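Student: Once you've had a glance at the structure underneath, I'll fire off some questions.
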């Protein structure tokens, strides 16, 4: 929003009517316009995620696990349809994941009650924080304000981000810490970055995958440097970056284990964070998904390379309008449909944008291009490596990769060689994709 100082300056310039004043006013408005649009974007995204938040009042997808666990953390007996209804209050029964994300959900339940608002308010807050954190990360890499707003807008237009920014699952929590930790690292604060990434891993272990993205980023930055062919002892910048990565990684590990130990003593039966971590790594994978109101199904697993084509989407929750037939009413078109499905326009632009970001990083040494490529490739490679261990993988894991794709696409669309009509077409495609996949298919939200 415009600050009081800016409003007073506008009024003063209008009254003065002096050309120099008008030039100063125009400059200040142009400087503040991206921040104003960022606020508008954040509020619009929040509005799209908060509308009809109480629909459904039933659990969506893995909410039954995480809300059920949060109810126990909050000391409640919990709903009868929770898989943990018979578990002991005060203890987190969902040991497959660290407790912190469920503590956030429990805080919402304590503040607003054991109802859809209480379950989902933490995701609303973190969804808005993710938009701001992505903007901050782009700026930390040296990107312009407009480029940061563009990347944030692309992410806000993605259906997967929208859905997880309004349902009570863990993925949106860890995303914010990954973005903030990376931004701090780019601002040469590796120790603080490690602390933030360690905290994020206490919501979901994939938070540590951001370290892989940072390794790829530093490799790209090294390859683009003019002294990359010199011996390591003659590259002081390389040694400095290695030390920064080592410090960030070590602090992330220590902060993760320390906070996990504190959380375990408070909310679980584990007394050793290493034992708990080993248990989580050896777990059979995430418990997954209800398909519709008629029952609980199993979410289709998918290989990471299938995510690039938006294959094997997951129906989290659906309500279907009935239509008459000779055999009686049968389900028709969906009235409410929550899905793990990426915006088709984002998918279409993703691969060429990442490829061009790699080229730009190598030829121009552009740090924003390096960031987009490194995040996308580093996070994707991490999930690919996990898939080789025969753990379950699902399309919604792509949420962690999306920020890098958004940065690469924003950078692509900012290039002057891209015709304006193509930029407008891509922007329109993102909006159409968002509207086409919006969970509520009627103005009544039912």
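Every number here is computed from the coordinates shown, using simple stated rules; none is lab data. Predicted, not measured: the structure shown is a model, and the values here were computed from it. Neighbour counts are summed over all protein chains in view; Cβ atoms, including those assigned to glycine, are modelled from backbone coordinates with ideal geometry.
Student: Relative to the present Cα-Cα distance, how much length would full extension add between residue 388 and residue 416 at 0.36 nm per residue of separation?
Tutor: Full extension of this stretch gives 6.0 nm more.
Student: Arranged by the count of other C-beta atoms within 10 angstrom, fewest first, what order do 301, 80 take?
Tutor: Sorted ascending by nearby Cβ count, the order is 80, 301.
Student: Order the peptides 69-78, 421-430 from the highest to the lowest mean number of other Cβ atoms within 10 Å of their residues.
Tutor: 69-78, 421-430
Student: Okay, next question. To make sure I understand, if each residue's beta carbon is the centre and we count other beta carbons within 10 Å, what order do 279, 317, 135 fall in, fewest to most?
Tutor: Sorted ascending by nearby Cβ count, the order is 279, 317, 135.
Student: Please tell me the relative contact order of the stretch 67-181 in percent, rounded to the nearest whole number, where contacts are Cα pairs under 8 Å and at least six residues apart.
Tutor: 23
Student: Continuing with this model, one more query. Does the stretch 390-446 classify as rounded, prolate or oblate by the C-alpha gyration tensor (a ≥ b ≥ c root eigenvalues; a/c under 1.5 gives rounded; else a/b over b/c gives prolate, otherwise oblate)?
Tutor: Oblate.
Student: Once the piece of chain linking residue 362 and residue 52 is laid out straight, how much longer is it, given 0.36 nm per residue of separation minus the C-alpha distance between them?
Tutor: Gain in length upon complete extension: 107.0 nm.
Student: Quote the relative contact order of the stretch 345-446 in percent (integer), defining contacts as alpha-carbon pairs under 8 Å separated by 6+ residues.
Tutor: For the stretch 345-446, the relative contact order is 35 percent.
Student: Take residue 44, project a point 7 Å from its Cα along the Cβ direction, then tell me which residues of the stretch 159-187 have their backbone nitrogen under 20 Å from it.
Tutor: Under cut-off, by backbone N: 159-166.
Student: May I ask for the equivalent-ellipsoid semi-axes of the stretch 132-182, computed as the square root of five times each C-alpha gyration tensor eigenvalue and listed largest first in whole Å?
Tutor: Those come to 21, 13, 5 Å.
Student: Which of 204, 110, 188 has the fewest other C-beta atoms within 10 Å, and how do the rest follow up to the most?
Tutor: 188, 110, 204
Student: Take peptides 36-42, 127-133 and line them up by average Cβ neighbours within 10 Å, highest first, as a rough protection proxy.
Tutor: Most protected by this proxy first, the peptides run 127-133, 36-42.
Student: Ok, one more. What is the distance in Å between the Cα centroid of the stretch 187-215 and that of the stretch 60-133?
Tutor: Using only Cα atoms, the two centres lie 23 Å from each other.
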